[in-house]
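A.B. asks: Let me give you the structure first, and then I'll get to my questions.
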Amino acid sequence: MSDLIQIRHLSLELSGKTILNEVSFSAGEGEYISVIGPNGAGKTTLIKCLAGIYTSWHGAIRIGGKDSRTLSSRKTARLQSYVPQAEGRSNPLTVEELAATGRYPHLSAFTSMKQEDFNAIDSALKQTGMLAFRKRPLNSLSGGERQMAFIAAALAQDTKILLLDEPSTFLDYKHQAEVTAILRAACREQGRTIIAVHHDINTAVACSTKVIALKSGSVVFSGTPAAAADTKTLQEIYGTPFISSPSPARPLPLIIAEGGDQ
Amino acid sequence: MKPLHKLILLAVLTLGALTAAPLLGMEFIPLNAGGQEREILMGIRLPRVLCAFAAGAMLSLSGMSFQALFRNPLATPFTLGVSSGAALGAALFIRLGIAVSFLGISGTSAAAFLGALLSIVIVYGLTKLKGGFSTPTLLLSGIAISFFFSSLILFVQYLSGLSHSFRIIHWMMGTLTTAGYTQLINLLPFLLSGAAILGLLTRELNIFLIGEDLAISRGVHTARVKKLVFLAASLMVGGVTAVCGPIGFIGMMSPHICRLVFGADHRILTPASFLFGGLFLVLCDTLTRIISGFTSGAELPVGVLTALLGGPFFIILLLNRKGSLEL
C-alpha cells in the first residue's frame, strides 16, 4: 500500500503557543484514519494544516508523493477535498451551486463546465441522497441536510483524499448514520482515503482502519480501532474513566464515558 | 424568468434610461431640439448622464466584490475605509491646487486612487499583523481608518482658504454637477480596468461565498484573488471619488437589490450589478436635476439623495440580519 499522505514532524505555533508538536503519521490508499482526542488537542488545526488553510507549520506534508508546499493550490485541490466543521453562517448558494464549487480545480480559467463535471455533481448528489434538494438554497435546509450538501460538494471535487472535521457532530441520529454510511462507502467502494476528526469514539472506532489520538498537540496513540477501544488507553487520552460494554451488533464493544450517567 | 433573461431586460431598461435621462432636467428638451438646446443636450446633459452611469456602475461593482470577499452584507468601500482614503487623497490634491494630468488621467484621480489603495493596504496590513485574515478585525480596522481619514479631511479643509474649502465641501457631498466629457474620459480607464478584473474573477467570487477556508480547499489562490479585488476596487472607488466625491450607499444598496433579483451567482450578478448601479445613479441624478428645477436653483448634490435613500435601506438591512437580504 503506497502512502497517499505522509506527515512528518508536523509542528505549528500560533501566537507563541504550540498547537501541534511533531505529529507524524501516514495514510495509504483506501485507508480511513480517525483523529480523536480531547477538546483543544489540535485536531481541527491538524486538518486545517493538511487542507492548506494554515501554512506556517514546520515539518513535511507529502501528498501523492509530492511535497505539499511545491504543489499549486489547484493541483492540491485535485488530490484532496475538505469538509469543515458545520458553521451556523448562512450562504446564498443552492445545493447544486455549492456542489459546482467542487469542480473549480478541474476547470481552467476560460472553460465552462463539461459533461464530466455535471456527471460528477450528479453522482455526488446521488451518493448523499441530495438529488431532490439540488435546487434548494442552503439557507432553507436543516443542519443535517446542509452537512450532506457540503459532503456532496467535497465528493463532487472527485479527489482521492477526503479531509473531514467532525462530519457527524451536531447531527441527529439518522443523519449521523447516513454520514457514516456515505463515508464508509466512499472509502471501501471507491477506494478514497479519509482522514476525519471524530468527536464520538464509537463512530471513530466503527468506521476507521486506523485511529490516531492527539493530546496537547502530540500523537499519544496510534493503532487499530480494536486497540483504541481499550478503556485504559482512552482514559489516558481523555483523562476520564470509560466503561466498555459488549454489543451484539458490532464486532467491537461500545464505549461509554463513566460518571456522566450515574 | 431565468436570470439571464432578467439580465437582458435590465440591459434594455438601462439603454432606455440612458436615452431618456438627458432629455429630462430643469427643462424638458426633445431629442430633435436644435441650437442652444441641442448644445445643452449633447454637450452638458449627455456626458453628465454617462458619467453618472459609469460612477454608479463602479461603486456598485466594488461593493459587490467586497460583500462577496468578506461574506458580509455591510462590507462596502465605505465601511472598509476605502472611500475615505480616496477622498483624503483627492482633498489633499485639491488643497495643493495643482492641475496635472497624465495620459488623460487627472492628478486628483491618481491621488484618490493612491488614497484608496493606501487605506486598503493599511487595513489589510493591520489584519495580517493580527494573524490570519478575520472578517471582524478587517471591518473594525476599516471603520477606524475611515474615521481617521475623515478627520484628516476636515483638518485639510480647516487649513484651506475659503475657495478651496468650499470646493472640498461641495465635492464631499457627492456631486455630478461638474461632470462633462473630460470627467467621463477620466472615469473610463478606471471603469474598464476595474470591471475587467472583476469580470475575470466571477467564479472565484462565487467560491468565496462559502468561506475562505473552503475556497482554499477548492484550489482558489485566495491571496491573489484578494489582491486583485483590492486593486480593482481601489481603481474604481478612487476613480469615482476624484470626479464625483464620495457618493454614498450605492455600493451597498445596488448589489443587494441585484442579489435579491438575480441570485448569488456572480457570473450573472457582476454584469447585473454593473448595469443596475449605473442605472440607479442615473435615475438619482435625473431626479436631483428635476428637483433642482423646482427649488431656488442651487443644485441638490446627488450624494444627498443616495444617502437619503441609503440610510433607511441600511437600517432595513440591519433589522433583517436573518432575513432574505443576508448575503
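Read the figures in this text as sums done on the coordinates, not as results from a lab. Because the structure is predicted, anything quoted here is derived from the model rather than measured. Glycine gets a Cβ as well: all are built from the backbone with ideal geometry, and neighbour counts include every protein chain shown.
A.B. asks: Would you please name the GluC sites (Glu not before Pro) within the stretch A:160-262 that are DSSP coil residues with at most 16 other C-beta atoms within 10 Å of their C-beta?
C.D. replies: A:Glu189, A:Glu258
A.B. asks: Hey, with R₀ at 51 Å, roughly what FRET efficiency would B:Thr178 and A:Thr70 work out to, going by the Cβ-Cβ distance, to 0.05?
C.D. replies: Values: r = 54 Å, r/R0 = 1.07.
The computed FRET efficiency comes out at 0.40.
A.B. asks: Give the peptides B:184-195, B:15-26, B:279-290, B:236-247 in descending order of average Cβ contacts within 10 Å, highest first.
C.D. replies: Details: B:184-195: 19.8, B:15-26: 16.4, B:279-290: 23.2, B:236-247: 31.1.
Packing proxy ranking, top to bottom: B:236-247, B:279-290, B:184-195, B:15-26.
A.B. asks: Average partner chain C-beta neighbours within 10 Å, per residue of B:205-213?
C.D. replies: Average per residue, whole number: 5.
A.B. asks: Here's something else I'd like to know. Which GluC sites (Glu not before Pro) in the stretch A:68-105 sit in a loop by DSSP (not H, G, I, E or B) and have at most 15 other Cβ atoms within 10 Å of their own Cβ? Write down the numbers at each step before the final one.
C.D. replies: Details: sites: A:Glu87, A:Glu96, A:Glu97; in loops: A:Glu87.
Taking the stretch A:68-105 and a limit of 15 other Cβ atoms within 10 Å, the loop GluC sites (Glu not before Pro) found are A:Glu87.
A.B. asks: Taking R0 as 30 Å, what's the FRET efficiency between A:Thr224 and A:Ala60 from their Cβ-Cβ distance, rounded to 0.05?
C.D. replies: 0.75
A.B. asks: Going through the DSSP H helices of chain B, which span 18 Å or more along their own axis at the Cα atoms while scoring at least 0.5 as a mean Kyte-Doolittle hydropathy? List each step's numbers first, then the result.
C.D. replies: On the way: long enough: B:3-20 (25 Å, 1.68); B:46-70 (36 Å, 1.36); B:82-96 (21 Å, 1.55); B:107-129 (32 Å, 1.61); B:135-159 (36 Å, 1.68); B:181-200 (28 Å, 1.49); B:222-244 (32 Å, 1.37); B:266-294 (42 Å, 1.17); B:302-319 (26 Å, 2.45).
Result, helices passing both filters: B:3-20, B:46-70, B:82-96, B:107-129, B:135-159, B:181-200, B:222-244, B:266-294, B:302-319.
A.B. asks: May I pose another question? Where the only charges are on Cβ atoms (+1 Lys, Arg; -1 Asp, Glu), what is the dipole of chain A about its Cα centre, to the nearest 20 debye? Present the calculation step by step, with values, prior to reporting the outcome.
C.D. replies: Numbers: 27 positive and 24 negative charges, 129 e Å.
Dipole of chain A, to the nearest 20 debye: 620 debye.
A.B. asks: Which entries in the list A:Lys174/A:Lys210; A:Lys135/A:Lys210; A:Lys43/A:Lys232; A:Lys43/B:Lys128 go over 29 Å, if you measure between the two C-alpha atoms of each? Kindly include the intermediate steps, with their values, before the conclusion.
C.D. replies: Numbers: A:Lys174/A:Lys210 25 Å; A:Lys135/A:Lys210 38 Å; A:Lys43/A:Lys232 21 Å; A:Lys43/B:Lys128 24 Å.
Exceeds cut-off: A:Lys135/A:Lys210.
A.B. asks: Then there's this: Between the stretch B:246-310 and the stretch A:91-118, what's the alpha-carbon centroid distance in Å?
C.D. replies: If we compute the Cα centre of each part, the gap is 32 Å.
A.B. asks: Hey, what do the phi angles of the stretch A:164-172 turn into as Karplus ³J(HN,Hα) couplings, whole Hz, using 6.51/-1.76/1.60 and θ = phi - 60°, x for Gly and Pro?
C.D. replies: In residue order, the calculated couplings are 10, 10, 6, x, 10, 5, 6, 9, 6 Hz.
A.B. asks: Here is a follow-up. Among the DSSP beta bridges whose two residues both lie in the protein assembly as shown, what percent are antiparallel, rounded to the nearest 5? Before the final figure, lay out the partial values.
C.D. replies: Numbers: 27 of 44 bridges.
The antiparallel fraction comes to roughly 60 percent.
A.B. asks: Still on this structure, I have one more. Give the distance, in whole Å, between the Cα centre of the stretch B:171-222 and the Cα centre of the stretch A:219-262.
C.D. replies: Between the Cα centres of the stretch B:171-222 and the stretch A:219-262 lies a distance of 55 Å.
A.B. asks: Also, quick follow-up: Name the residues whose placed amide hydrogens come within less than 5 Å of the amide hydrogen of A:Leu14, ignoring near sequence neighbours (fewer than 5 apart) on the same chain.
C.D. replies: A:Ile19
A.B. asks: While we're on this one: Can you tell which of A:Ala186, A:Leu155, A:Tyr173 lies farthest toward the positive end of the dipole of the stretch A:153-195, using +1 and -1 charges on the Cβ of basic and acidic side chains (Lys, Arg; Asp, Glu)?
C.D. replies: A:Ala186
A.B. asks: On full extension of the chain, what length is gained from B:Thr19 through B:Ile291, given 0.36 nm per residue of separation minus the C-alpha to C-alpha distance?
C.D. replies: Stretched fully, the B:Thr19-B:Ile291 segment lengthens by 96.0 nm.
A.B. asks: Also, I was wondering about something else. For A:Lys160, give me every one of the aspartates and glutamates with a C-alpha distance below 19 angstrom, ignoring sequence neighbours fewer than eight places off in its own chain.
C.D. replies: A:Asp3, A:Glu29, A:Glu31, A:Asp67, A:Glu116, A:Asp117, A:Asp122, A:Glu189
A.B. asks: Report, as an integer, the average count of C-beta atoms from other chains found within 10 Å of each Cβ along A:97-104. Could the numbers behind the result be given before it?
C.D. replies: Working: counts 6, 5, 0, 4, 11, 5, 2, 8.
What the average comes to for A:97-104 is 5.
A.B. asks: What average number of partner chain Cβ atoms lie no more than 10 Å from the Cβ of the residues making up A:149-156? It would help to have the intermediate numbers written out before the result.
C.D. replies: Details: counts 0, 2, 0, 0, 4, 3, 0, 0.
Counting other chains' Cβ atoms within 10 Å and averaging over A:149-156 gives 1.
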